[in-house]
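See structure below.
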Number of protein chains: 2
Amino acid sequence: MAVLEDQGYRTTAPRRAIIDLLERKEEGFTVEEISDELPTVGRATVYRTIKLLLKAGVICKLAMMDGAPKYSLSRIEHHHHTVCIRCGNVGEFRAATVERLLRAIAGDIPGEIVGHRMEFYVTCDRCLSGVAS
Amino acid sequence: MAVLEDQGYRTTAPRRAIIDLLERKEEGFTVEEISDELPTVGRATVYRTIKLLLKAGVICKLAMMDGAPKYSLSRIEHHHHTVCIRCGNVGEFRAATVERLLRAIAGDIPGEIVGHRMEFYVTCDRCLSGVAS
DNA sequence: CATGTAGTGAGATGAGATATCAAGTGGTGC
DNA sequence: GCACCACTTGATATCTCATCTCACTACATG
């Protein structure tokens with residue numbers, strides 16, 4: 001919330017409601033979910049707020065295996081995601097290996113790297129161990 | 001083309017046209033481009049054929065930085081992409097480092113990895129060296 | 001408390017992709 | 001060769017997701 005204030009945005013009821021809700025979401029979320037759970041807030045406002053939070057780095061956007069967009073709170077500074085293709089839960093991880101790799105790859109690639117995207121699709125432990133298919 | 005036949009799909013004129021066109025594309029393409037360049041082929045058919053080729057592994061889908069989908073021929077078996085955010089050109093690369101990383105990461109991640117997505121956004125050499133902004 | 005402005009919600013609109021369905025074809029059996 | 005039938009196709013309608021529009025609201029400030 002403070003993040004938005006710091007960037008000169010107002011603290012409004014809809015924004016507070018959205019952020020409160022997001023903070024209670026462990027597992028990543030879609031815009032539709034948020035909009036459904038906050039029927040008093042207009043869809044447009046949800047999209048607008050999500051976009052602000054994205055720009056502020058509070059949340060990050062990722063893609064499901066089929067490309068459908070999903071979001072998750074950024075708890076760790078620079079991280080990547082695992083998405084369970086079964087239950088849809090999103091995990092965050094920060095493998096030192098990844099960072100080393102990124103630096104190594106920078107040399108192999110012609111041009112100047114300005115960003116990257118990296119997601120792992122998994123069947124999570126919970127889904128592996130039993131929960132009925 | 002043979003790939004489709006092998007999977008029991010018919011060899012039809014529209015499909016041939018699409019595949020011929022794709023083979024001439026160096027730099028990745030969007031569905032819209034293909035559809036525009038083949039006005040005699042229906043949009044739906046383009047989507048259908050693209051989907052078939054995707055399933056057959058002939059082409060692969062990637063996402064621009066903003067999430068817009070783009071496709072490219074798979075020339076190398078297992079590879080990743082670089083996308084120039086300036087001109088949109090798509091490059092393929094196969095860094096051994098990446099494969100080693102993937103194996104290393106498999107251990108760090110809870111659950112079973114079933115797939116991944118990895119794209120690098122760059123400003124390509126051509127764009128860096130001069131072409132007017 | 002009055003004012004200017006950022007923010008909001010409802011609905012229209014736009015883009016991208018898919019579904020529908022009658023009409024058209026490829027390729028197999030003959 | 002030819003006829004047949006399931007697979008394909010194209011035009012169009014439709015769906016979904018996201019953004020735009022615009023009159024209205026409410027925040028923060030003086």
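Assorted remarks:
- Only residues that are over 30 Å from residue A:87 (Cα atoms), assigned to a helix (DSSP H, G or I) and either within 7 Å of another protein chain (Cβ to nearest Cβ) or modelled with pLDDT of 85 or more (or both) were counted in the stretch B:84-133, giving 5.
- For the stretch B:6-29, the set of residues classified as farther than 13 Å from residue B:58 by Cβ and of a type in the set (Ser, Thr, Tyr) consists of B:11, B:12, listed by residue number.
- Figure legend. Inter-residue proximity from the stretch A:17-40: first residues free of Cβ contacts under 8 Å to residues at least 60 places away in the same chain, second residues open to solvent by 70 Å² or more (accessible area, probe 1.4 Å), beta-carbon distance below 6 Å, spacing 6+ or different chains. Indicated pairs: A:35/A:43.
- Top-ranked residue of the stretch B:36-69 - restricted to ones that are open to solvent by less than 20 Å² (accessible area, probe 1.4 Å) and in contact with a Ser or Thr (Cβ under 8 Å, 6 or more places away or on another chain), ranked as nearest to the other protein chains (Cβ to nearest Cβ): B:62
- Unique match (being β-branched (Val, Ile, Thr), surrounded by 15 or more Cβ atoms within 10 Å (Cβ to Cβ) and free of Cβ contacts under 8 Å to residues at least 60 places away in the same chain) among A:90, A:98: A:98
- Of everything listed in (1) over 12 Å from the mean Cα position of the chain (by Cα); (2) more than 16 Å from DNA strand D (Cβ to nearest atom); (3) among the hydroxyl-bearing types (Ser, Thr, Tyr); (4) surrounded by 15 or more Cβ atoms within 10 Å (Cβ to Cβ), the single unmet condition for residue A:74 is (1).
The values are calculated or read from the model by the stated rules, or taken from the named source; none is laboratory data. Since this is a predicted model, take the numbers as computed values, not measurements. When we count neighbours, we look across all protein chains shown, and the Cβ atoms used for this are built from the backbone with ideal geometry, even at glycine. All accessible areas refer to the heavy atoms of the entire protein, side chains included, with ligands and DNA or RNA removed. Shrake-Rupley method; radii C 1.70, N 1.55, O 1.52, S 1.80 Å.
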